[in-house]
Amino acid sequence: MDGARAPAPAFAPADSASLPPPVARPAELSDSELERELKRFAVEVAHALTNYEADDTAADIAARLPERSSPEAAMPAALALHHEGSWSRGRIVYPQFGGLLPERASVMIVVEQKIGTPAGIRTEMRALDIRIGRDAEGWRFEQLASDGGEPVPRPDVLSPEARAVLDNPRIELPDSARWDIHAGRVAPELLALMARAAEQEPIGVIVFDNGHPWNIFGTDRMSDHSRGVAVDVHRIGDRLVIDDRAEGSLTHDFVKWLYDQPDVANIGSPWALDGFGGRSFTDLLHQDHLHIAVPREHALRTD
């Protein structure tokens, strides 16, 4: 899990909006989702971690995690997202697979967390890497592997590529992804590609680096996300990738456009446009998002 939390940003001015709204249940998952029970379980974990009252302790939050959650995992996870003396309301933006094996999974969940005290309210949108295990009795929460990282202020000086993504209304970015760009953890070549892609269709980003498994899940091989050369996208236009997997769909056309770009090293999606072993690949993991990577020669970190 990421290290100790940095000092919180300043609160917005206090007003009647500082009163906590009712806790809303997470929206139902699309009928198109694969491994729906696994995703629903991970969503319940994220919901429990980010919805609490001002007088709740971390121990109170840990106790509300789904049954069969590991006690060793519950308390550190609760502490990571607990703001003492503050209430919190979490809204699930989207749960995407970060890794999927028969008995283990990573579910990367973007959560919008509103945090409020009598002093005011602030909002953070984080990508949480929630690890789930399965045994004979079913799924169980094992670890919050990442809480999305520490806030990084926007630098006064940014590259043109960074500004073109950060300030683009056609690119939806969680704060975790913005902090990665602020910190210089994303290759300029990937950012330039994203700006061009957004000219084709608006896109919704899940994760660059923070919030994604460091290694390709279930292996000891470093992920291209950790190298700074990959991004995961869960929405093209107003369509979730998981709901738009027919040939000839908006998402299918978008993947074909990406495939034609010379600066794309590989694309994971619901389709393998050039067959097994090509630049365009598919598997069960890549049904709910597009994995887009530029060549590793642009990597910011290496093995």
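The values are calculated or read from the model by the stated rules, or taken from the named source; none is laboratory data. Values in this document were obtained by computation on a predicted structure and should not be read as measured data. Cβ atoms come from the backbone with ideal geometry, glycine included; neighbour counts cover every protein chain shown.
The sole residue among 218, 211 that is part of a loop (DSSP other than H, G, I, E, B), under 19 Å from residue 149 (Cα atoms) and touching a residue at least 40 places away in the same chain (Cβ under 8 Å) is 211.
Please state which one of 36, 68, 64, 89 is within 21 Å of residue 174 (Cβ to Cβ) and surrounded by fewer than 22 Cβ atoms within 10 Å (Cβ to Cβ). Let's see the steps before the verdict.
Numbers: 36 fails: within 21 Å of residue 174 (Cβ to Cβ); 68 fails: within 21 Å of residue 174 (Cβ to Cβ); 64 fails: within 21 Å of residue 174 (Cβ to Cβ).
None of the others qualify; the one that does is 89.
Could you tell me whether any residue of the stretch 175-184 is outside the structural domain of residue 75 (by TED's automatic domain parsing), farther than 18 Å from residue 213 by Cα, surrounded by fewer than 18 Cβ atoms within 10 Å (Cβ to Cβ) and in contact with a helix residue (DSSP H, G or I) (Cβ under 8 Å, 6 or more places away or on another chain)? Looking through the stretch 175-184, none of the residues is outside the structural domain of residue 75 (by TED's automatic domain parsing), farther than 18 Å from residue 213 by Cα, surrounded by fewer than 18 Cβ atoms within 10 Å (Cβ to Cβ) and in contact with a helix residue (DSSP H, G or I) (Cβ under 8 Å, 6 or more places away or on another chain).
Has the stretch 272-286 got any residue that is in contact with a strand residue (DSSP E or B) (Cβ under 9 Å, 6 or more places away or on another chain), assigned by TED's automatic domain parsing to the domain that holds residue 190 and basic (Lys, Arg)?
First, pick out the residues of the stretch 272-286 that are in contact with a strand residue (DSSP E or B) (Cβ under 9 Å, 6 or more places away or on another chain): 272-274, 278-286.
So of that shortlist, the ones also assigned by TED's automatic domain parsing to the domain that holds residue 190 come out as 272-274, 278-286.
Now drop any that are not basic (Lys, Arg), which leaves 279.
Within the stretch 272-286 (the criterion being in contact with a strand residue (DSSP E or B) (Cβ under 9 Å, 6 or more places away or on another chain), assigned by TED's automatic domain parsing to the domain that holds residue 190 and basic (Lys, Arg)), the answer is yes, since at least one residue qualifies.
Restricted to the stretch 20-86, the set of helices (runs of 4 or more DSSP H) holding at least 3 residues that are closer than 19 Å to residue 111 by Cα, touching a Gly at 6+ places or on another chain (Cβ under 7 Å) and in contact (Cβ under 8 Å) with a residue 40 or more places away in the chain comprises 36-50. Here residue 190 fulfils each of the conditions (1) in contact with a Gly (Cβ under 9 Å, 6 or more places away or on another chain); (2) aliphatic (A, V, I, L, M); (3) without any contact (Cβ under 8 Å) to a residue 24 or more places away in the chain apart from (3). Checking each residue in the stretch 260-282 for being within 18 Å of residue 247 (Cβ to Cβ), modelled with pLDDT of 95 or more and exposed (fewer than 12 other Cβ atoms within 10 Å of the Cβ) picks out only 260.
The numbered conditions (1) surrounded by fewer than 21 Cβ atoms within 10 Å (Cβ to Cβ); (2) part of a strand (DSSP E or B) are all true for residue 94 except (1). Residue count for the stretch 239-255 under the criterion of being surrounded by 15 or more Cβ atoms within 10 Å (Cβ to Cβ) and more than 15 Å from residue 202 (Cβ to Cβ): the result is 6. Of the set (1) farther than 23 Å from residue 93 by Cα; (2) out of contact with any helix residue (DSSP H, G or I) (no Cβ under 6 Å at 6 or more places or on another chain); (3) modelled with pLDDT of 95 or more, all apply to residue 164 but (2).
Cβ-Cβ distances below 8 Å connect the following pairs, each with a first residue in the stretch 248-267 that is in contact (Cβ under 8 Å) with a residue 60 or more places away in the chain, a second residue that is surrounded by 17 or more Cβ atoms within 10 Å (Cβ to Cβ) and assigned to a loop (DSSP other than H, G, I, E, B), and a separation of six or more residues or different chains: 258/264; 263/294; 264/294. Residue 150: of a type outside the set (A, V, I, L, M, F, W, C), assigned to a helix (DSSP H, G or I) and either touching a residue at least 40 places away in the same chain (Cβ under 8 Å) or loosely packed, with under 15 Cβ neighbours inside 10 Å (or both), yes or no? No. Among the residues of the stretch 102-122, the one identified as surrounded by fewer than 16 Cβ atoms within 10 Å (Cβ to Cβ) and at pLDDT 95 or above is 104.
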